[in-house]
1. What are the pairs with Cβ atoms under 8 angstrom where one residue, in region 136-163, is within 20 Å of ASP198 (Cα to Cα) and the other, located anywhere, is exposed (fewer than 15 other Cβ atoms within 10 Å of the Cβ)? Sequence gap at least six, or different chains.
2. Does SER342 satisfy the condition of being out of contact with any helix residue (DSSP H, G or I) (no Cβ under 8 Å at 6 or more places or on another chain) and touching a residue at least 60 places away in the same chain (Cβ under 8 Å)?
3. Please enumerate the residues belonging to region 367-419 that are assigned to a helix (DSSP H, G or I), open to solvent by 30 Å² or more (accessible area, probe 1.4 Å) and either more than 25 Å from CYS135 (Cβ to Cβ) or at pLDDT below 95 (or both).
4. Say we look at region 217-261 and pick out the residues that are open to solvent by 40 Å² or more (accessible area, probe 1.4 Å) and among the hydroxyl-bearing types (Ser, Thr, Tyr); which of these is nearest to the chain's Cα centre (by Cα)?
5. Within region 204-212, is there a residue that is under 29 Å from GLY379 (Cα atoms), at pLDDT 95 or above and open to solvent by 10 Å² or more (accessible area, probe 1.4 Å)?
6. If I filter region 34-51 for residues that are hydrophobic (A, V, I, L, M, F, W, C) and under 25 Å from GLU332 (Cβ atoms), do I get at least one hit?
7. I'd like to know if region 90-99 contains one or more residues that are in contact (Cβ under 8 Å) with a residue 12 or more places away in the chain, buried (at least 17 other Cβ atoms within 10 Å of the Cβ) and of a type in the set (Phe, Trp, Tyr).
8. Do any strands (runs of 3 or more DSSP E) entirely within region 67-181 hold 1 or more residues that are of a type outside the set (A, V, I, L, M), and if so, which?
Amino acid sequence: MTAYKDLSKEELLELKSGLEARYTEIKAKGLKLDMSRGKPSVEQLNLSMGMMDVLNSSADLTCEDGVDCRNYGGLDGITEAKRLLADMMEVPKDNVIIFGNSSLNVMYDTVARAVTHGVLGSTPWCKLDKVKFLCPVPGYDRHFGITEHFGIEMINIPMTPTGPDMDLVEKYVNEDPAVKGIWCVPKYSNPQGITYSDETVFRFANLHPAAEDFRIYWDNAYCVHHLYEDKQDYLIEILSECKKAGNPDMVYKFASTSKITFPGSGIAALAASEANLDEIRSMMQMQTIGHDKVNQLRHVRFFKDVHGIVEHMKRHADILRPKFEAVIDVLERELGGLGIGSWVKPLGGYFISFDAMDGCAKAIVAKAKEAGVVMTGAGATYPYGKDPHDSNIRIAPSYPTPDELQMAAEIFVLSVKLVSIDKLLGNL
């Protein structure tokens, strides 16, 4: 294929005419397709319906410690749920607290506690003149939403194929006491599907923060979300590395079953050092008498152990893998060699990250929407919704049916081509 930049004005105009005809034809169908968020499909949700049958009115709802899960108590979760999530997170169960259905909620609360009460005796952030957070980009919009909500200054850290630019991370963390945290999605990152290299994890564990209350917010949301059995990324466990490096308190590690069972009714977990967990429990006592122990028990009875989760995730992969491959195939077939976009083929996670020509992302998303495809807003993968290059677009293949996905992918590449041609014509 000839790169678009090598075509003459006449060739570009002729190409545009044919593409517009096809775009008009599709637009007339009045489609309504959703690729906006990483929502599991109905087929995926159905995988967990057996969970509704493991407990009933005649079930024994007493957990292994003898606690009646219907009643009050159990501030930090039942033992067997701790064991299940700890094994999934590759940490000791005594380093885990089980929460409600949302790890995002746990992250919000963790930032809020630091703002109002400080971290392990340090000055509450609300009493400081300036608080800063490092944000690997492109990244997860809801992370950035939390720190923006609390008025925390966010600093872009470019992602590389091995994780965040660690030279920049070390410079900011080790030299600026106002830097209090960094958001991380270390495995199959949102949206690029990158897994942090061994060296990146080692460098994180061996940071020397200028701020005693600096924390790594390690959101391991996709720890078991592989697409392939024979090709899986491996991530070094951060808690043990921090402990070995003499920084046991430097990390909060988050995970949940949101894209494993039911996103609205899963269980979430936080893993951290004993000192961090003791402080968190002391504040939780003011918030709750305990989270939903019946739901925790339901998850344990359904999966039995971490091997149950692994087998369950293989069934998810069987549904997701063809969808990811279908989108990648369309991108490679329709855009390969044209020089108007690049993308990463992930081995897991929930997204495909697409980089358009500079200044084109917003227009592409708008063009796709006009033809009936809703996508994540351009700029969402950057703090404050401001992509300095206006180039990154997050593609979420999970929710549409295979037929819908095929049509959505075609509309997307048509939009990329049309917007790119207009960009090139404007530069002539």
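1. Pairs that qualify, where the first residue is within 20 Å of ASP198 (Cα to Cα) and the partner is exposed (fewer than 15 other Cβ atoms within 10 Å of the Cβ), are PRO136/PRO158; VAL137/PRO158; THR162/GLU199.
2. Answer is no for this residue.
3. Answer for region 367-419, where residues must be assigned to a helix (DSSP H, G or I), open to solvent by 30 Å² or more (accessible area, probe 1.4 Å) and either more than 25 Å from CYS135 (Cβ to Cβ) or at pLDDT below 95 (or both): LYS367, LYS369, GLU370, PRO402, ASP403, GLU404, GLN406, MET407, GLU410.
4. The residue in question is TYR234.
5. Scanning region 204-212, I find no residue that is under 29 Å from GLY379 (Cα atoms), at pLDDT 95 or above and open to solvent by 10 Å² or more (accessible area, probe 1.4 Å), so the answer is no.
6. yes
7. yes
8. Where strands (runs of 3 or more DSSP E) fall fully within region 67-181 and carry at least 1 residues being of a type outside the set (A, V, I, L, M), they are 132-137, 153-160.
The values are calculated or read from the model by the stated rules, or taken from the named source; none is laboratory data. Quick caveat, the model's predicted, so the values are computed rather than measured. Neighbour counts are summed over all protein chains in view; Cβ atoms, including those assigned to glycine, are modelled from backbone coordinates with ideal geometry. Accessible surface areas use protein heavy atoms only, side chains included; no ligands, DNA or RNA. Shrake-Rupley method; radii C 1.70, N 1.55, O 1.52, S 1.80 Å.
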